[in-house]
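Enquirer: Mind looking over this structure? Questions follow.
The values are calculated or read from the model by the stated rules, or taken from the named source; none is laboratory data. As the structure is a prediction and not an experimental result, all values here were calculated from the model. Here Cβ is always computed from backbone atoms with ideal geometry, including for glycine, and neighbour counts include all displayed protein chains. In case anyone asks, the SASA skips ligands and DNA or RNA and just uses the protein heavy atoms, side chains included. Shrake-Rupley method; radii C 1.70, N 1.55, O 1.52, S 1.80 Å.
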Amino acid sequence: MSEVSQLIEALSVEEVDAIEAEITHLPDRESAAIEAMRIVQEKRGWISDESLRAIARLLGMPTEALDSIATFYNLIFRKPVGRHVLMLCDSVSCYVMGCDKVRTAVCDQLGVEMGETTPDGRFTLLPIVCLGACDRAPVMIIDEELITHLSADSIPDILSGFD
Amino acid sequence: MITLSTKPLTERVEAVGGLVDMAAYENAGGYEAARQAITKSEPEAVQGLVKDADLRGRGGAGFPTGVKWGFVPKGDAAGPGHKYLVCNADEMEPGTFKDRYLMEMDPHLLIEGMLIAAFAIGADKAYIFLRGEYHESFKRLSSALADATEKGYVGRNVFGSDFSVDLVIHRSGGRYICGEETALLNALEGKRGQPRTKPPFPPASGAWGRPTIVNNVETLCNVPGILSNGVDWFRDLGIGNDSGTKLYGVSGRVNRPGLWELPIGTTIREIIEEHAGGMQEGYKLRGILPGGASTDFLTVEHLDLPMDYGSIQAAGSRMGTGTMILMDDSVCPVAISINLQHFFAQESCGFCTPCREGLPWLEQLLIDIEEGRGQPGDLELLDGNAAFIGAPGNTFCLHATGAMEPLLSALRYFREDFEAHIESGGCPYRERGH
Ligand SMILES: Cc1cc2nc3c(=O)[nH]c(=O)nc-3n(C[C@H](O)[C@H](O)[C@H](O)COP(=O)(O)O)c2cc1C
Ligand code: SF4
Ligand code: FES
């Protein structure tokens, strides 16, 4: 097997098709870099070195150049994450409405700090900037679900819904 | 007599009581403005209407939209290749939640506004640059776009005319600086979202080096109404010097935080006291960030100002996004400044030194003051450095300028709080148990 087909092997047929579909909207292949990483991350949770190399080959660009793009963006993960990614807003409206207390409650409940993953791989905790739901502050998103009007007391119930 | 709408952005949502789908949008006369413009009018005529209506950009800077469209080269002057329209839907300014509402509730309004704008500037490619975390907006926009494409409103030969336009949603990888229009273009091209040198400005050389117009979601959503109801109607919607309505928002310790479409130029007092229901019991208003985290604080003495571009600017701040954040008397002004500077330091793209190195340094100095390690002279250090970093031209883009606006104004209006921290060697708010 040639080196190229081996690297492409690291991506699923669906992933390659989805990336190629994005490329049709763009003037060149490299322009799909961010969309391509989002597509691969969607199923796999993060971008491994192997995925990075395969995407770079598919787009015809150096792996290092793709990595410099990957590390620029908040939502592209270059490290493994837990089954659920919890992102708690720490911007100004949520701050005024008490997100510090919510953060303490989340960290206490899960026994890890912001930026860490629980040892059982259930949650990765990340801070995030304003989620555009400031009238319902404090807020967070778990995976793709927006959860609003948080209080320290509501945390155990909310977390128990994600296993 | 027909009474024309006073709430062109939100009336359909209110009538339907939720998401306005294709059927509801068309029942309310939707897509007629675009159909008329594209099949019966000329691009210059449409540009003229938007210019005469005096629509100004709702993304923060307030630049006149029709004037900006006029900068796109026409005919042979544009050279060969595509022209682009990009909708800035990267809403990430802390305290701002207006574009999300429009995209989730009335996605066809944005699509129709983009069709008209693309026609007016001769764009054959249009992108929605969408905040990566806006999952619900993505779903609803994608589904609305599929419906509009199926009906022949988007794609080849729109409404059977010889005008064609592709519309594609790009989901951002997430970084505040990508909202700055030249950084946005780099991000759209799949690169690191660093700002570009201006000039050239995007209308001359934007996406992939081609003429490009970048407009905010709310700006584009105002376009269909102007075409259906006319220039005079739009100008009369505003109370003072500005035209149209504005989506105003309030967050913080008020009774009813939320978002309202009101005549542009409504006073801050009316927005806070009538619409947001006033402060919650036990909390007093102290500071107002009128249009997001990157605008200067105002205080209770400014309550009677109209929320329009000129009045807020004359008071030393900016209307920005028009969604205000209220600081009540339980919040420590030093602590809120740390929160704001933490955001700007973290979101700096890192390209130029005063911003990359200066913002974390200022954040650390604020932390020292908050935690009781403040020294005499620290406030003068803050004043001097914030003024230097904030002066437009000392940094490559306006990110750092925006960062310094709330800090310089906090140092001015809440000086006694900063001084008390240094004198007492700690935070008086924490000692009071807040
Ligand atoms: C740091 C920074 C962040 C910005 N973020 C946004 C944003 O999230 N959304 C937006 O519409 N405009 C944002 N802007 C303003 C844009 O650069 C640009 O002025 C705007 O999209 C133009 O659209 P308009 O004329 O319709 O307002 C930002 C500007 C700066 C300097
Ligand atoms: S001011 Fe900040 S965000 Fe703007 S270019 Fe410089 S480092 Fe980047
Ligand atoms: S500040 Fe948290 S959602 Fe806006």
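Enquirer: Taking the conditions exactly as written (more than 14 Å from chain B (Cβ to nearest Cβ) and open to solvent by 40 Å² or more (accessible area, probe 1.4 Å)), does A:Val106 satisfy them or not?
Expert: Working: more than 14 Å from chain B (Cβ to nearest Cβ): yes; open to solvent by 40 Å² or more (accessible area, probe 1.4 Å): no.
In short, no.
Enquirer: Considering only the stretch B:209-221, I want to know if a residue exists there that is without any contact (Cβ under 8 Å) to a residue 24 or more places away in the chain and more than 9 Å from chain A (Cβ to nearest Cβ). Write out each step before concluding.
Expert: Step one: list which residues in the stretch B:209-221 are without any contact (Cβ under 8 Å) to a residue 24 or more places away in the chain, which gives B:209.
From what is left, the residues that are more than 9 Å from chain A (Cβ to nearest Cβ) are B:209.
So far as the stretch B:209-221 goes, yes, one or more of its residues are without any contact (Cβ under 8 Å) to a residue 24 or more places away in the chain and more than 9 Å from chain A (Cβ to nearest Cβ).
Enquirer: Consider the stretch B:264-285. How many of its residues are closer than 16 Å to B:Asp308 by Cβ and of a type in the set (Ser, Thr, Tyr)?
Expert: The qualifying residues number 2.
Enquirer: Looking only at the stretch A:27-40, which residues are open to solvent by less than 30 Å² (accessible area, probe 1.4 Å) and facing chain B (nearest Cβ under 10 Å)?
Expert: Scanning the stretch A:27-40 gives A:Ser31, A:Ala32, A:Ala33, A:Ile34, A:Glu35, A:Ala36, A:Met37.
Enquirer: What do you reckon, is A:Arg136 under 30 Å from B:Ala276 (Cα atoms), away from ligand 1 (no atom under 16 Å from the Cβ) and of a type in the set (Lys, Arg)? Before you say what the answer is, go through the steps one by one.
Expert: Details: under 30 Å from B:Ala276 (Cα atoms): yes; away from ligand 1 (no atom under 16 Å from the Cβ): yes; of a type in the set (Lys, Arg): yes.
For A:Arg136, the condition - under 30 Å from B:Ala276 (Cα atoms), away from ligand 1 (no atom under 16 Å from the Cβ) and of a type in the set (Lys, Arg) - is met.
Enquirer: For residues in the stretch B:365-376 being part of a helix (DSSP H, G or I) and buried (at least 22 other Cβ atoms within 10 Å of the Cβ), which is nearest to ligand 1 (Cβ to nearest atom)?
Expert: Pass one, the stretch B:365-376, residues part of a helix (DSSP H, G or I): B:365-370.
Those still in the list that are buried (at least 22 other Cβ atoms within 10 Å of the Cβ) too: B:366, B:369.
Numbers: B:Leu366: 20, B:Ile369: 26 Å.
Only one residue fits best here, namely B:Leu366.
Enquirer: State the number of residues belonging to the stretch B:346-364 that are open to solvent by 20 Å² or more (accessible area, probe 1.4 Å) and either more than 16 Å from ligand 3 (Cβ to nearest atom) or hydroxyl-bearing (Ser, Thr, Tyr) (or both). Even if it seems obvious, please write down each step before you answer.
Expert: Of all residues in the stretch B:346-364, those open to solvent by 20 Å² or more (accessible area, probe 1.4 Å) come to B:346, B:349-354, B:356-357, B:360-361, B:363-364.
Then keep just the ones that are either more than 16 Å from ligand 3 (Cβ to nearest atom) or hydroxyl-bearing (Ser, Thr, Tyr) (or both); that gives B:349-354, B:356-357, B:360-361, B:363-364.
Result for the stretch B:346-364: 12.
Enquirer: As an exercise: evaluate B:Leu379 against (1) of a type in the set (A, V, I, L, M, F, W, C); (2) part of a helix (DSSP H, G or I); (3) within 16 Å of ligand 1 (Cβ to nearest atom) and give the number of the one condition it does not meet.
Expert: (3)
Enquirer: Right, something else. Could you check the stretch B:15-126 for helices (runs of 4 or more DSSP H) lying wholly inside it with 3 or more residues that are in contact (Cβ under 8 Å) with a residue 12 or more places away in the chain and within 14 Å of ligand 1 (Cβ to nearest atom)? It would help to see each step written out before you state the result.
Expert: Values: elements: B:22-27, B:32-40, B:43-52, B:65-70, B:98-105, B:107-121.
Qualifying helices (runs of 4 or more DSSP H): B:65-70, B:98-105, B:107-121.
Enquirer: Is it the case, given these coordinates, that B:Ile338 is within 16 Å of ligand 3 (Cβ to nearest atom), among the aliphatic types (A, V, I, L, M) and open to solvent by 20 Å² or more (accessible area, probe 1.4 Å)?
Expert: Numbers: within 16 Å of ligand 3 (Cβ to nearest atom): yes; among the aliphatic types (A, V, I, L, M): yes; open to solvent by 20 Å² or more (accessible area, probe 1.4 Å): yes.
In short, yes.
Enquirer: OK, next. Return the pairs, sorted by first residue and then second, in which the second residue is open to solvent by 20 Å² or more (accessible area, probe 1.4 Å) and within 16 Å of ligand 3 (Cβ to nearest atom), the first residue lies in the stretch B:389-403 and is in contact (Cβ under 8 Å) with a residue 24 or more places away in the chain, the beta carbons are less than 9 Å apart, and the residues are 6+ apart or on different chains.
Expert: Once the first residue is in contact (Cβ under 8 Å) with a residue 24 or more places away in the chain and sits in the stretch B:389-403, its partners that are open to solvent by 20 Å² or more (accessible area, probe 1.4 Å) and within 16 Å of ligand 3 (Cβ to nearest atom) give B:His399/B:Tyr176; B:Gly402/B:Glu93.
Enquirer: Could you pull out every one of the helices (runs of 4 or more DSSP H) wholly within the stretch A:29-106 that has 3 or more residues that are under 30 Å from B:Gly291 (Cβ atoms)? If you could, list the steps in order and put the result at the bottom.
Expert: Values: elements: A:33-44, A:49-59, A:63-70, A:92-96.
In the stretch A:29-106, A:92-96 are the helices (runs of 4 or more DSSP H) which contain 3 or more residues that are under 30 Å from B:Gly291 (Cβ atoms).
Enquirer: Quick check on A:Glu113: is it in the same structural domain as A:Leu11 (by TED's automatic domain parsing), farther than 23 Å from B:Glu136 by Cα and more than 16 Å from ligand 2 (Cβ to nearest atom)? Give the steps one after another, and end with the answer.
Expert: Details: in the same structural domain as A:Leu11 (by TED's automatic domain parsing): no; farther than 23 Å from B:Glu136 by Cα: yes; more than 16 Å from ligand 2 (Cβ to nearest atom): yes.
So A:Glu113 does not fit the description; no.
Enquirer: If you scan the stretch B:156-194, which residues turn out to be outside any loop (DSSP other than H, G, I, E, B) and free of Cβ contacts under 8 Å to residues at least 12 places away in the same chain? Step through it out loud before you land on a result.
Expert: So the first thing to find is which residues in the stretch B:156-194 are outside any loop (DSSP other than H, G, I, E, B), and the list is B:158-160, B:165-171, B:176-179, B:181-188.
Of everything in the stretch B:156-194, just one residue is outside any loop (DSSP other than H, G, I, E, B) and free of Cβ contacts under 8 Å to residues at least 12 places away in the same chain, namely B:Asn186.
Enquirer: Among the residues of the stretch B:239-283, write down those that are touching a Lys or Arg at 6+ places or on another chain (Cβ under 9 Å), more than 17 Å from A:Cys134 (Cα to Cα) and part of a loop (DSSP other than H, G, I, E, B).
Expert: Within the stretch B:239-283, B:Asp242, B:Ser243, B:Gly244, B:Ile264, B:Gly265, B:Thr266, B:Gly282, B:Tyr283 meet the criteria.
Enquirer: Out of all the residues in the stretch A:118-135, is one or more over 12 Å from the mean Cα position of the chain (by Cα), within 27 Å of B:Leu102 (Cα to Cα) and loosely packed, with under 14 Cβ neighbours inside 10 Å?
Expert: So far as the stretch A:118-135 goes, no, none of its residues is over 12 Å from the mean Cα position of the chain (by Cα), within 27 Å of B:Leu102 (Cα to Cα) and loosely packed, with under 14 Cβ neighbours inside 10 Å.
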